[in-house]
Amino acid sequence: MDYQSAKTLLEAKGQSQLLKYYDELDEAGKNNLLTAIENINWDFEEALANPVDMSGKDRDIRPISGLRQAEIQKRKAEFETVGVEAVKAGKVAAVLLAGGMGTRLGVDGPKGAYDIGITKPLYIFEQQMKNLMEVTEKCGVTVPLYIMTSDKNHAQTTAFWKEHNYFGYPEKDVQFFKQDMAPAVDYDGKIILERKDMPALSPNGNGGWFASLQRAGLCEDLHKRGVEWLNIYAVDNVLQRIADPVFVGATIASGVNCGAKVICKTEPYEKVGVLCMDGTQPDIIEYYELTDEMANQRDENGDLAYCYGAIMNYLFRLSKLEEIVDKKIPVHIVEKKIECLCDDGVTRKPEKENGKKFETLAVDLIKPMGSVLPFEVVREKEFAPIKNKTGVDSVESARELLKGNGVIL
Ligand code: UTP
């Protein structure tokens with residue numbers, strides 16, 4: 001894109017501030033900026049103009065039925081047989097969503113490269129691969145692994161995996177792809193400048209993972225390998241089971257398009273979004289959208305009716321994903337501290353929120369998938385998220401949970 005086209009485009013969009021320092025830049029800087037402007041994804045304009053209604057009104061919310069632990073234990077052998085067969089037949093692939101910025105943990109570089117070890121190094125990626133390899137060793141096959149990164153961490157992530165020899169996994173079965181970026185705006189909707197030659201861009205949430213995987217040409221690879229199910233998981237849960245045959249088997253046996261690992265709420269007001277039905281479609285309802293009556297509602301067994309908290313471990317049917325990939329899912333607007341160019345020409349992270357980012361969420365794919373099986377896991381055995389350094393969902397709490405599961409740190 002040349003300067004004149006950029007100027008015309010930005011004037012039409014009311015975003016001319018992006019060219020404020022153009023004349024001060026050298027040739028490389030000018031090219032950087034013009035390329036970044038050319039690549040801006042303008043979907044955020046629609047999201048700003050018509051923000052999604054998060055109030056939950058106009059929805060026909062009801063409890064959803066799922067598989068509780070008692071039932072899973074009773075039918076474990078049956079589910080496991082189906083799941084092992086699917087894994088052995090190469091029908092299951094894993095997709096690690098690792099494009100996030102891990103801002104709450106506050107480390108530079110990929111969150112998965114964080115060392116949670118005490119007496120020896122143990123990286124988050126490494127622990128997750130140990131969990132996956134328990135399954136692949138049992139089934140005698142590898143599960144192809146696709147790793148989503150973003151412009152912010154791609155080079156570091158790929159270098160880290162190479163440096164650590166893919167944690168003992170065959171390199172040919174690990175592939176990386178990049179997610180899209182979205183601009184960040186100030187409270188007047190103006191795109192923020194991060195540097196004189198670069199608008200502030202950040203990963204656009206984890207909801208676009210399948211579209212990005214497809215755009216990277218990896219669906220061909222999936223089909224060539226005969227994959228039918230994709231198990232997506234977050235980088236931060238170090239206890240999660242990946243390609244877990246019991247979960248895979250239960251999802252396949254239930255005939256649904258999607259399985260979701262869930263933890264059951266322990267009290268009515270626990271701050272976790274829960275799976276539900278909206279009319280005939282599965283959906284998620286945030287804790288602040290539940291009325292008192294709904295939060296306290298009990299089923300015939302006396303358990304909370306709205307209890308299934310999703311933990312970002314889903315099994316999606318590939319053919320259905322391909323069918324719905326172009327359907328729009330809500331864009332969430334989140335206020336964040338956005339690194340920006342200050343008046344003195346230095347880029348800094350502000351002390352408090354200074355603008356908005358735009359994100360889609362993987363959980364919002366559940367509705368278009370049309371059907372979901374909530375599958376309860378034992379919290380202490382499968383849920384150790386690392387969001388913060390200390391306190392709730394932290395390195396500290398995850399270490400305790402790992403130790404409780406016999407992992408030597
Ligand atoms: P989180 O919502 O915890 O976000 O992501 P985050 O970016 O890692 O952490 P904070 O909020 O900045 O502290 C849940 C999962 O989704 C991935 C993350 O890498 C993590 O595995 N994710 C998140 C993406 O892959 N892309 C994104 O744009 C956002």
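The values are calculated or read from the model by the stated rules, or taken from the named source; none is laboratory data. Model, not experiment: these values are computed from the prediction. Neighbour counts run over all protein chains shown; Cβ positions are idealised from the backbone, glycine included. Accessible surface areas use protein heavy atoms only, side chains included; no ligands, DNA or RNA. Shrake-Rupley method; radii C 1.70, N 1.55, O 1.52, S 1.80 Å.
Points to keep in mind about this one:
- The stretch 220-243, subset more than 14 Å from the ligand (Cβ to nearest atom) and among the charged types (D, E, K, R), residue surrounded by the most Cβ atoms within 10 Å (Cβ to Cβ): Arg241
- Residue check, Lys261 within 16 Å of the ligand (Cβ to nearest atom) and closer than 17 Å to Ile366 by Cα: yes
- From the options Gly207, Gly273, Gly217, residue that is free of Cβ contacts under 8 Å to residues at least 24 places away in the same chain and surrounded by fewer than 23 Cβ atoms within 10 Å (Cβ to Cβ): Gly217
- Residues of the stretch 66-83 that turn out to be touching a residue at least 60 places away in the same chain (Cβ under 8 Å) and of a type in the set (Gly, Ala, Ser), as a count: 2
- The listed residue being free of Cβ contacts under 8 Å to residues at least 40 places away in the same chain, assigned to a loop (DSSP other than H, G, I, E, B) and open to solvent by 30 Å² or more (accessible area, probe 1.4 Å), out of Asp151, Asp188: Asp188
- Where Gly207 falls short, out of the listed (1) more than 30 Å from Ala93 (Cβ to Cβ); (2) part of a loop (DSSP other than H, G, I, E, B): (1)
- Of the candidates Val256, Val238, Val227, the single residue that is of a type in the set (A, V, I, L, M) and under 25 Å from Ile386 (Cα atoms) is Val238.
- Among residues of the stretch 368-409, those that are without any contact (Cβ under 8 Å) to a residue 60 or more places away in the chain and open to solvent by less than 20 Å² (accessible area, probe 1.4 Å), counted: 1
- Scanning the stretch 327-352 for residues that are free of Cβ contacts under 8 Å to residues at least 40 places away in the same chain and either exposed (fewer than 13 other Cβ atoms within 10 Å of the Cβ) or of a type in the set (A, V, I, L, M, F, W, C) (or both) yields a count of 11.
Residue-wise test of (1) open to solvent by less than 20 Å² (accessible area, probe 1.4 Å); (2) over 23 Å from the mean Cα position of the chain (by Cα); (3) within 16 Å of the ligand (Cβ to nearest atom); (4) farther than 28 Å from Ile333 by Cβ.
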{"site": "Asn31", "(1), (2), (3), (4)": "no, yes, no, yes"}
{"site": "Trp42", "(1), (2), (3), (4)": "no, no, no, no"}
{"site": "Thr81", "(1), (2), (3), (4)": "no, yes, no, yes"}
{"site": "Leu96", "(1), (2), (3), (4)": "yes, no, yes, no"}
{"site": "Gly100", "(1), (2), (3), (4)": "no, no, yes, no"}
{"site": "Thr103", "(1), (2), (3), (4)": "no, no, yes, no"}
{"site": "Pro110", "(1), (2), (3), (4)": "yes, no, yes, no"}
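- Counting the residues of the stretch 128-148 that are surrounded by 15 or more Cβ atoms within 10 Å (Cβ to Cβ) and free of Cβ contacts under 8 Å to residues at least 40 places away in the same chain gives 2.
- Subset of the stretch 124-148 (residues that are part of a helix (DSSP H, G or I) and under 16 Å from the mean Cα position of the chain (by Cα)): Ile124, Phe125, Gln128
- Among the residues of the stretch 44-70, those that are open to solvent by less than 60 Å² (accessible area, probe 1.4 Å), within 22 Å of Thr266 (Cβ to Cβ) and not hydrophobic (A, V, I, L, M, F, W, C) comprise Pro63, Gly66, Gln69.
- Here the condition is being open to solvent by 50 Å² or more (accessible area, probe 1.4 Å) and at pLDDT 95 or above; of Ala77, Ala86, it holds for Ala77 alone.
- For Thr266, the conditions (1) in contact with a Leu (Cβ under 6 Å, 6 or more places away or on another chain); (2) among the polar types (S, T, N, Q); (3) open to solvent by 10 Å² or more (accessible area, probe 1.4 Å); (4) closer than 30 Å to Gly112 by Cβ all hold with the exception of (1).
- Scan of the stretch 191-204 for residues that are touching an Asp or Glu at 6+ places or on another chain (Cβ under 7 Å) and open to solvent by less than 40 Å² (accessible area, probe 1.4 Å), ordered by number: Ile192, Glu194, Ala200, Asn204
- In the stretch 1-29, residue nearest to the chain's Cα centre (by Cα) [restricted to those that are part of a loop (DSSP other than H, G, I, E, B) and under 16 Å from Asp197 (Cβ atoms)]: Gln15
- If you go through the stretch 112-126 and keep only what is within 14 Å of the ligand (Cβ to nearest atom) and either free of Cβ contacts under 8 Å to residues at least 60 places away in the same chain or of a type outside the set (Gly, Ala, Ser) (or both), you end up with Ala113, Tyr114, Ile124, Phe125.
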